[in-house]
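Inspection log for the structure reproduced underneath, given as structure tokens.
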Amino acid sequence: MSTVQAPPAARELILRLIPQLSRFEGSDLIVTSPTNGAELARLRFDTSAEIEAKIAAAVRAFEVWREVPAPQRGELIRQFGNKLREHKEDLARLVTLECGKILEEGRGEVQEMIDICDFAVGLSRQLYGLTIQSERPHHVMQENWLPLGPVGIISAFNFPVAVWSWNSCLALVCGDSCLWKPSEKTPLTALATQALFESVAQNFPGAPEGLSSVILGAVEQGNQLVEDRRIPLISATGSTRMGKAVGPKVAARFGRSLLELGGNNAMIVTPSADLGVAIPSILFGSVGTAGQRCTSTRRVLVHRSLIDKVFETLKSAYLQIGSSKVGDPLDSSTLVGPLIDEMAFDGMQKALDAARPHAVEIVGGQRVLADRYPGGFYAHPALVRLEKQIASVHEETFAPLTYVIPYDTLEEAMRMHNEVPQGLSSAIMTTDVREAEYFKRHSDCGIANVNIGTSGAEIGGAFGGEKETGGGRESGSDSWKAYMRRQTSTTYFGKDRPALAQGIRFDV
Ligand code: NAD
């Protein structure tokens, strides 16, 4: 149990963002900051009856909201985006305090919410369907996109608010209501976001009560959403282990799931790569966010002709970062904050132990700053040079741990690249257009970048991955279609007896 109390400034920040914090206080969960293990709040989980009431309210809210014209629904999101702009700094600080990412990235996370609001507002005047040419005279065929129902959103700790906004902003303009079960490691940012949303929704004509609600809890509470037939879509972000539990349960009740699961992302560095472009991309991708992004660079596959140079350059950067850039995520000179908890640090050590007998060289990996922050788990980013991919490399280690592995031919690199069970993000560093196109065609990931790292996507594209990453797509492009149901409608406007499709005659 944590005994260190958060400083008064942290408490003030929390109360500024969640004025009604006392409503959620209890003894089920001690929320601590990964920065130093200090206690931020004690919360209670929603009971099963409370979750039931929230689901029933979301169903009622959906019945009302679906009738509101989509551009008006967009107006709510426009106002919410403005509210986020007003509170960007506070919310970013709370993100940093609760999940440990550096403040610059906390701000980036809130900016991502604002960006998706803007995107959703524009979308609210689109949500286009098709008109289709009919084979019969005086018939018109249309594809209509209709609101789907209450959407269950289960989110992970590492993007505690942005991923919710990718889902909810689109779902809300599509005419759905939302139920959000945030990670039990980051419930305060969820309560803060919900309070900001409510402050807008309560004054918005036509926005029903229960349009968006938060359910506090862990696996059991998330599971109540997963098993409820009134929720046609479960959008779940987290580990592959979670997806394996959630996916079949939703499928068993013929619901839809949108799964955004683990990654094991690689970058290929070819002989023609511009290392001035490649090295900074590898560094941000592998040590940024303390390696706790689903898109973090886990594997760097380097052409044998460059491996010594790349490894030595990375090694000196890692040593510099490890000695002077790991620290308090609120400090502007810090580049790498803490890991979320001790379990994450232990996972990193386990992966390092598995690699040790095979490694040509290992840089970093040890705990740092334990004297200053006994309750925080800070790691010196680890770089592991291997001769080939070993079994443990196939698993996602959610920490700043990067494997550097040589290859001889691009075909061999591609084979190694695709060999892992996950399929989220990928990158190639090359100045050869043929290599770039070969890579895009052969990467089995949902994201394939050229001369850009694996990490740090813009909201305009569809985000998600294949294989054990779950197949879901969120955010930009036509991801909105996941939050609506498609209806094909044929209308006959002639006066004669209507013709049957395929020329079938049925004369009575
Ligand atoms: P996690 O799987 O431990 O938890 C994620 C969420 O799922 C939490 O809210 C948790 O309470 C809930 N949950 C877990 N098991 C459940 C079950 N059986 N039923 C219902 N709910 C359940 O993940 P985490 O540690 O919070 O996040 C890290 C993982 O998330 C990494 O694997 C990372 O790659 C992945 N992630 C993926 C994406 C993506 O878009 N692909 C984005 C962010 C994080």
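Every read-out reported here was derived from the displayed coordinates using simple, explicitly stated rules and does not represent laboratory data. Source: prediction; values computed, not measured. Cβ coordinates were reconstructed from backbone atoms using ideal geometry, including for glycine residues, and neighbour counts include every protein chain displayed.
Where does the chain land at 222 nm, in deg cm²/dmol rounded to the nearest 500, when only DSSP H runs of n ≥ 4 count, each adding -39500 (n - 2.57), divided by all residues?
That comes out to -12000 deg cm²/dmol.
At 0.692 mPa s and 37 °C, plugging the Kirkwood radius over alpha-carbon pairs of region 265-462 into Stokes-Einstein gives what diffusion coefficient in µm²/s?
This corresponds to a translational diffusion coefficient of 196 µm²/s.
Could you give the angle, 0 to 90 degrees to the nearest 10, between helix 275-287's Cα long axis and the longest principal axis of the Cα atoms of the chain?
Roughly 80 degrees between the two axes.
Between Arg125 and Ser239, how high is the FRET efficiency from 1/(1 + (r/R0)^6) when r is the Cβ-Cβ distance and R₀ = 41 Å? Nearest 0.05.
Approximately 0.65, to the nearest 0.05.
Would you order Leu335, Leu15 from fewest to most other beta-carbon atoms within 10 Å of each residue's own beta-carbon?
With the sparsest Cβ surroundings first, the list reads Leu15, Leu335.
Sort Ser392, Ser489, Ser183 so that the residue with the fewest other Cβ atoms within 10 Å of its own Cβ comes first and the one with the most comes last.
So the ranking, lowest neighbour count to highest, is Ser489, Ser392, Ser183.
Listed here are the pairs Lys185/Lys244; Lys440/Lys481; Lys315/Lys440; Lys249/Lys440; which of them are more than 23 Å apart at the Cα?
Lys440/Lys481; Lys315/Lys440; Lys249/Lys440
In region 265-462, what percentage of the DSSP-assigned beta bridges are antiparallel, given to the nearest 5?
Roughly 20 percent of the DSSP beta bridges within region 265-462 come out antiparallel.
Percent relative contact order of the chain, based on C-alpha pairs within less than 8 angstrom and at least six residues apart?
Relative contact order for the chain comes out at 18 percent.
Sum up the charges of everything whose Cβ sits under 13 Å from the Cβ of Gly129, counting Lys and Arg as +1 and Asp and Glu as -1, but leave Gly129 out.
Net charge around Gly129: +1.
Looking at His442, Leu401, Gln320, which one has the Cα that reaches farthest to the positive end of the dipole of region 265-462 (charges on Cβ: Lys, Arg +1; Asp, Glu -1)?
Gln320
Between Ser22 and Ser489, what length in nm is gained on full extension when 0.36 nm per residue of separation is reduced by their alpha carbon distance?
That works out to 163.1 nm of additional length.
Between region 56-81 and region 288-365, how many Å separate their Cα centres?
44
Sticking with the crude label model, points 7 Å out along Cα→Cβ, report the distance from Gln142 to Ser199 in nm, one decimal please.
4.0
Nearest 0.05, what FRET efficiency do Val64 and Gln5 give at R0 = 51 Å with Cβ-Cβ as r?
Result of the calculation: an efficiency of 0.75.
If contacts are Cα pairs under 8 angstrom and at least 6 residues apart, what is the relative contact order of region 265-462 in percent?
For region 265-462, the relative contact order is 30 percent.
Among DSSP bridges having both ends in the chain, what percentage is antiparallel? Round to the nearest 5.
Within the chain, antiparallel bridges account for around 40 percent of the total.
Quick check on packing: order 310-320, 266-276, 163-173 by the mean number of other C-beta atoms within 10 Å, highest mean leading.
So the peptides 310-320, 266-276, 163-173, ranked by packing, come out 163-173, 266-276, 310-320.
What's the exposure ranking of Ser155, Ser213, going from fewest to most Cβ atoms within 10 Å?
With the sparsest Cβ surroundings first, the list reads Ser213, Ser155.
Find the Rg to Rh ratio for the chain, where Rh is the Kirkwood radius over alpha-carbon pairs and Rg uses the same atoms.
1.02
Under a Cβ-only charge scheme (Lys and Arg +1, Asp and Glu -1), can you give me the dipole magnitude of the chain about the Cα centre, in debye to the nearest 20?
880
Can you give the direction-averaged projected area of the convex hull of the alpha-carbon atoms in region 1-74, in nm²?
Spelled out: convex hull of the Cα atoms, projected over all directions, averaged, 7.4 nm².
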